[in-house]
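Below: one structure, written as structure tokens.
The values are calculated or read from the model by the stated rules, or taken from the named source; none is laboratory data. Nothing here was measured: the structure is a model prediction, and the numbers come from that model. Cβ coordinates were reconstructed from backbone atoms using ideal geometry, including for glycine residues, and neighbour counts include every protein chain displayed.
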Amino acid sequence: MNKTSFYLLLSFCLKLTLTPAQNQLTLNSVISMAKNQSPAAKQAETRKENRYWEYRQFKSNYNPQLRLNGNIPGYNRDFARNNIGEFQSREQFTSFLNLGLDQPLFPTGGNISINTSLDYFNDATSDFTQYNTTVVNVRLDQPIFAFNRLKWDKKIEPIRYEESKRSVVEELEFIARESIDRYFSYLDAQINLQIAQFNLANNDTIYRIEQGRYNIGTTSKDKLLQVELQLLRSRQDVAQAKLDLETSGLRLRSYIGLNDSDMQIINLALPEAVPQFEVTYATALDYAKKNRSDFIAFERRRLEAERDVADARGRRFESNLSASFGYNSLSEDFTETYDDPLSQQRIDLSLSIPLLDWGRNQARMKTALANQRLTEFTIAQDEQIFEQEVLVQVRQFDVLRTQLEITKKSDEVAQERYLVAQNRYLIGKIDITNLNIALDEKDQAKRSYINALRAFWVAYYDLRRLTLYDFAEGKLLYTRDEG
């Protein structure tokens, strides 16, 4: 093969390697698909819905409830002792209905209700019927010095719900980060296959050249065997690269929610257009403290520790005040039951005070206080880790940007050096060993550049997840009014 034929083949191989494929998927499109249709995104959306309804259930605990309860009908037939001690058969019908409107009192932990009821009794044996009605009854149930769960839930649950909404956004950013990792795994395999195919064509051409030189006695058998061995390795590399491409393609499809029927062959574009922005540690930490779910979780955990102390304190002794006022009436005729009702009052104060508990209450209280101190120490440590995580990410991001610039330049230099080495090999200035060294350096420089791109984009979305802020677009990824 002459030099002209070689250059034509080389030009074709370079064009095959560097020309973008049609219908390429971009990094942004893959991230969008992962956030919208991936199994992980659907799980995050389901968790978001569950937390929403849990919060709605919590809010409903503070609203009035209209209840209807009763026993319709009640029937009893048996033998019972009468007034003179004899057993006789009896048959009785009873019914009871109560309609009540309950309103929890979250500042005190009590409950106030308004009720109306009807009680019916009929003794079929003696043909005796009676109606007992409560026209209206107002009842107050109030624990005294007890733990008020409604009050503490009012403090904690809104924070928990806000935390959950921010967690969902963080989950989506993590999904984006994972899709980037799979994107570049497939991109690595895609480029490795292109490199392997290029090297196979190139080594096949070089083998033919060495064969020609060997036939005319200008090269040795050792160099010809070396080139042949390189050609065999290239064929093996192509086979392995095809397998790696198929494996990484399956991982990418399954993660972003694509079926095999949706796209048999995926072509990915190289995301070389990276966002340009400056980020400082102080700015990133400020956004992280304002937006991250972890930071507001610190306040929730403090409140939960205080709640547990209040719960232990409230269980030292139990007392409850019940008071009611209303009007009721009794008659054998239902039409007369609401005529001229009589007033009805009732008040009860129940107590349950342990006089000797062998230190149980004290142990419970000391345990709650110790857990509260432990929570404070743990939160203090978590806050340091929180700040360090942001600091490391900002510092790493600056390093990765510099590394990306260096590896991109190295890739360009290695490509140019390989072309120069090819020309020198053709005119006999260098041997096949030096050409292979230039080839390996070219391939390694390309892979290093791809790895630097991967590290940059992963770090970029890690920074978004840690701060819930898009520094490239200059906007928040979540606001309190959302969700």
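Within segment 38-63, count every residue that is farther than 15 Å from residue 153 by Cα and either acidic (Asp, Glu) or exposed (fewer than 13 other Cβ atoms within 10 Å of the Cβ) (or both).
Looking only at that region, the number is 7.
Report yes if residue 72 is surrounded by fewer than 13 Cβ atoms within 10 Å (Cβ to Cβ), under 14 Å from residue 118 (Cβ atoms) and assigned by TED's automatic domain parsing to the domain that holds residue 115, otherwise no.
Against the criterion (surrounded by fewer than 13 Cβ atoms within 10 Å (Cβ to Cβ), under 14 Å from residue 118 (Cβ atoms) and assigned by TED's automatic domain parsing to the domain that holds residue 115), residue 72 qualifies.
Being assigned to a strand (DSSP E or B), more than 21 Å from residue 300 (Cα to Cα) and at pLDDT 90 or above narrows it down to one residue among 111, 122; which is it?
Answer to the check: 111.
Where residues in segment 117-166 are assigned by TED's automatic domain parsing to the domain that holds residue 53 and hydroxyl-bearing (Ser, Thr, Tyr), which of them is farthest from residue 90 (Cα to Cα)?
164
Read through the list (1) more than 23 Å from residue 347 (Cα to Cα); (2) crowded, with 16+ Cβ neighbours inside 10 Å; (3) in contact with a helix residue (DSSP H, G or I) (Cβ under 9 Å, 6 or more places away or on another chain), then give the number of the only condition that residue 150 fails.
For residue 150, the exception is condition (3).
Answer yes or no as to whether residue 450 is outside any helix (DSSP H, G or I) and either closer than 23 Å to residue 411 by Cβ or not charged (D, E, K, R) (or both).
Spelling it out, it is not the case that residue 450 is outside any helix (DSSP H, G or I) and either closer than 23 Å to residue 411 by Cβ or not charged (D, E, K, R) (or both).
Filter segment 282-328 for residues that are farther than 30 Å from residue 136 by Cβ and of a type in the set (Phe, Trp, Tyr); which is nearest to the chain's Cα centre (by Cα)?
295
Given (1) in a loop (DSSP other than H, G, I, E, B); (2) modelled with pLDDT of 90 or more; (3) of a type outside the set (Asp, Glu), identify the lone condition not met by residue 83.
Answer for residue 83: the failing condition is (2).
Filtering segment 302-318 down to residues that are among the basic types (Lys, Arg) and out of contact with any helix residue (DSSP H, G or I) (no Cβ under 6 Å at 6 or more places or on another chain), which residue is farthest from residue 359 (Cα to Cα)?
Across segment 302-318, the extreme among qualifying residues is 302.
Of all residues being of a type in the set (D, E, K, R) and in a helix (DSSP H, G or I) in segment 270-293, which is farthest from residue 474 (Cα to Cα)? Just the residue, please.
Checked segment 270-293; the qualifying residue farthest from residue 474 (Cα to Cα) is 289.
Based on what the data block shows, is residue 217 surrounded by fewer than 15 Cβ atoms within 10 Å (Cβ to Cβ) and at positive phi?
yes
Please state which one of 225, 285, 250, 229 is closer than 30 Å to residue 394 by Cα and either at pLDDT 90 or above or out of contact with any helix residue (DSSP H, G or I) (no Cβ under 8 Å at 6 or more places or on another chain) (or both).
285
Against the conditions (1) within 30 Å of residue 132 (Cβ to Cβ); (2) in contact (Cβ under 8 Å) with a residue 60 or more places away in the chain, where does residue 345 fall short? Just the number, please.
Exception for residue 345: condition (2).
Considering each of 376, 383, 416, 441 in turn, give the residue that is part of a helix (DSSP H, G or I), in the same structural domain as residue 285 (by TED's automatic domain parsing) and without any contact (Cβ under 8 Å) to a residue 24 or more places away in the chain.
Residue meeting the stated conditions: 416.
Just give me the residues in segment 409-428 being of a type outside the set (A, V, I, L, M, F, W, C) and either at pLDDT 85 or above or within 51 Å of the chain's Cα centre (by Cα) (or both), in sequence order.
Within segment 409-428, 409, 410, 411, 412, 415, 416, 417, 418, 423, 424 meet the criteria.
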